[in-house]
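A.B. asks: This structure is in structure tokens; I'll ask about it shortly.
The values are calculated or read from the model by the stated rules, or taken from the named source; none is laboratory data. Given the structure is predicted, the values throughout are model-derived calculations rather than measurements. Because the Cβ atoms are built from the backbone with ideal geometry, glycine has one as well, and the counts that use them run over all protein chains shown. To get the accessible areas, we keep the full protein, side chains included, count just its heavy atoms, and leave off ligands, DNA and RNA. Shrake-Rupley method; radii C 1.70, N 1.55, O 1.52, S 1.80 Å.
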Amino acid sequence: MLWFTKSNPDWASHTLGVFICLNCSGIHRNIPHVSKVKSVRLDEWDNVQVELMASSGNSVSKAKYESKIPPFYYKPTFSDCPLLREQWIRAKYERKEFIYIEKQEPYSAGYREGFLWKRGRDNGQFLSRKFVLSEREGALKYYNKNDAKEPKAIMKIEHLNATFQPAKIGNPHGLQITYLKDNSTRNIFVYHEDGKEMVDWFNAIRAARFHYLQVAFPGASDLDLVPKLSRNYLKEGYMEKTGPKQTEGFKKRWFTMDDRRLMYFKDPLDAFARGEVFIGSKENSYKVLEGLPPSIQGNQLFLFACETESDQLEWIAAFQKVISRPMLPQEYAGEARGGT
């Protein structure tokens, strides 16, 4: 006999002995040599299958298949892109990467070299480029030509971020990499035809960041460091803006809220932002208000217009989330740089 509650997934892999959600059940079906899926509600179960589920279960499975997971490896949630969820399931059950440490070499060795399709800054074409990630040099580099001696760009691990952006890039394996260049954020957009290859690059970047932060903050715990390895954007989308002096009309721009930096672009795939605005905390007199203020004079006032009310509410919530969080000491340097 099997039972379930409304809060529990009603799908299961009867070969692995784990209960799974509907979305993950589709991924499990794609690896039938490892996982066979049944519905708890609709399918018939024989005694052997029931006994396996009773003797195994998610806790037992986790202890086995996640016994040696590296602290830097990204564990996707239900809101992450399909690629991350698929490769997590394949790494865990098909390749058994978290049982056998030697299988983690592609992202844990401290050095990675390979070719990725990179979007050109000016023409928008994706061209094959050589990338080299070196923890020893503290940098990710890419080369415009295979035999080039000097890299086209050197991205310091200290300022590196990577986030999957399949919809924006137009490829299910699309990854956006950002770094600081002359105190401005620089975006590059890459992908690889092989999903495992792309996720390995992502986790290699996280590993390099993790080891850098361990040296930079020797007293910090893994729990303190892991949230700093990579970050997704709080909010992205189109708004119209004017400010801070309101001497020009409203212009439609693509906005990205990256922690305390609000960046705006003419196009979502621009390499550089047209401007960056630092968002401080309420303790420093930052606030977001709905509607037009009584007076629009003042150098620190920005006005934004959204296409729909739902967009407006989402942006207000994103601003409030940042403003309500007290600033860390190191964030004051970002406020001092400001932005326009």
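A.B. asks: Can you tell me which condition Lys38 does not meet? The list is (1) under 30 Å from Ser108 (Cα atoms); (2) basic (Lys, Arg); (3) touching a helix residue (DSSP H, G or I) at 6+ places or on another chain (Cβ under 9 Å); (4) without any contact (Cβ under 8 Å) to a residue 40 or more places away in the chain, and all the others hold.
C.D. replies: (1)
A.B. asks: Can you run down the residue pairs with Cβ atoms below 7 Å, 6 or more apart or on separate chains, where the first is in region 164-184 and surrounded by 14 or more Cβ atoms within 10 Å (Cβ to Cβ) and the partner is hydroxyl-bearing (Ser, Thr, Tyr)?
C.D. replies: Taking only residues 6 or more apart or on different chains, the pairs are Ile169/Tyr191; Asn171/Tyr191; His173/Tyr191; Gly174/Tyr191; Leu175/Tyr191; Gln176/Thr163; Thr178/Thr185.
A.B. asks: Can you name the residue in region 66-95 that is part of a loop (DSSP other than H, G, I, E, B) and touching a Ser or Thr at 6+ places or on another chain (Cβ under 9 Å) and, of all such residues, is most open to solvent (accessible area, probe 1.4 Å)?
C.D. replies: Kept after step one, since they are part of a loop (DSSP other than H, G, I, E, B), are these residues of region 66-95: 66-81, 95.
Narrowing the set further to residues that are touching a Ser or Thr at 6+ places or on another chain (Cβ under 9 Å) leaves 70, 72-74.
Values: Pro70: 14, Phe72: 11, Tyr73: 12, Tyr74: 46 Å².
Of everything passing the filter in region 66-95, Tyr74 is most open to solvent (accessible area, probe 1.4 Å).
A.B. asks: Is at least one residue of region 19-27 over 22 Å from Arg85 (Cβ atoms), open to solvent by 30 Å² or more (accessible area, probe 1.4 Å), part of a loop (DSSP other than H, G, I, E, B) and modelled with pLDDT under 95? Quick ask: steps written out before the conclusion?
C.D. replies: Step one: of region 19-27, the residues over 22 Å from Arg85 (Cβ atoms) are none.
The answer is no; no qualifying residue exists.
A.B. asks: Sticking with this one: For region 235-252, check the following and say yes or no: at least one residue is charged (D, E, K, R), open to solvent by 70 Å² or more (accessible area, probe 1.4 Å), under 16 Å from the mean Cα position of the chain (by Cα) and closer than 24 Å to Leu175 by Cβ. Please lay out each step first, then the result.
C.D. replies: Quick first cut of region 235-252, residues charged (D, E, K, R) only: 235-236, 240-241, 245, 248, 251-252.
Within this subset, residues satisfying the condition of being open to solvent by 70 Å² or more (accessible area, probe 1.4 Å) are 240, 245, 248, 251-252.
Applying the additional criterion that residues be under 16 Å from the mean Cα position of the chain (by Cα) yields none.
No: zero hits.
A.B. asks: For the subset of region 197-221 comprising residues that are touching a Gly at 6+ places or on another chain (Cβ under 8 Å) and within 12 Å of Phe131 (Cβ to Cβ), which member is least open to solvent (accessible area, probe 1.4 Å)? Spell out how you get there, then give the answer.
C.D. replies: Restricting attention to region 197-221, the residues satisfying the condition of being touching a Gly at 6+ places or on another chain (Cβ under 8 Å) are 197, 201, 207-208, 211-212.
Imposing the further condition that a residue be within 12 Å of Phe131 (Cβ to Cβ) reduces the set to 197, 201.
On the way: Glu197: 50, Trp201: 5 Å².
Among residues in region 197-221 that are touching a Gly at 6+ places or on another chain (Cβ under 8 Å) and within 12 Å of Phe131 (Cβ to Cβ), the one least open to solvent (accessible area, probe 1.4 Å) is Trp201.
A.B. asks: Then there is this: Residue check: is Asn232 within 26 Å of Phe255 (Cα to Cα), part of a strand (DSSP E or B), touching a residue at least 40 places away in the same chain (Cβ under 8 Å) and polar (S, T, N, Q)? I'd like the intermediate steps shown before the answer.
C.D. replies: Details: within 26 Å of Phe255 (Cα to Cα): yes; part of a strand (DSSP E or B): no; touching a residue at least 40 places away in the same chain (Cβ under 8 Å): yes; polar (S, T, N, Q): yes.
No: the conditions fail for Asn232.
A.B. asks: With respect to the numbered conditions (1) among the acidic types (Asp, Glu); (2) crowded, with 17+ Cβ neighbours inside 10 Å; (3) out of contact with any strand residue (DSSP E or B) (no Cβ under 9 Å at 6 or more places or on another chain), which one is the sole condition not fulfilled by Asp258?
C.D. replies: Asp258 satisfies all of (1) among the acidic types (Asp, Glu); (2) crowded, with 17+ Cβ neighbours inside 10 Å; (3) out of contact with any strand residue (DSSP E or B) (no Cβ under 9 Å at 6 or more places or on another chain) except (3).
A.B. asks: Are there any strands (runs of 3 or more DSSP E) wholly within region 96-143 with 1 or more residues that are exposed (fewer than 14 other Cβ atoms within 10 Å of the Cβ), and if so which?
C.D. replies: Numbers: elements: 111-119, 126-134, 139-143.
Those strands (runs of 3 or more DSSP E) span 111-119, 126-134.
A.B. asks: Could you run through region 37-54 and say how many residues are open to solvent by less than 80 Å² (accessible area, probe 1.4 Å) and assigned to a helix (DSSP H, G or I)?
C.D. replies: Narrowing region 37-54 to residues open to solvent by less than 80 Å² (accessible area, probe 1.4 Å): 37-40, 43, 45-46, 49-50, 52-53.
From the residues that got through so far, the ones that are assigned to a helix (DSSP H, G or I) too are 49-50, 52-53.
Count: 4.
A.B. asks: Ok, one more. Which residue is modelled with the lowest pLDDT, if the candidates are limited to region 254-300 and must be part of a loop (DSSP other than H, G, I, E, B), over 19 Å from the mean Cα position of the chain (by Cα) and of a type in the set (Asp, Glu)?
C.D. replies: Restricting to residues being part of a loop (DSSP other than H, G, I, E, B), over 19 Å from the mean Cα position of the chain (by Cα) and of a type in the set (Asp, Glu), the top hit is Glu290.
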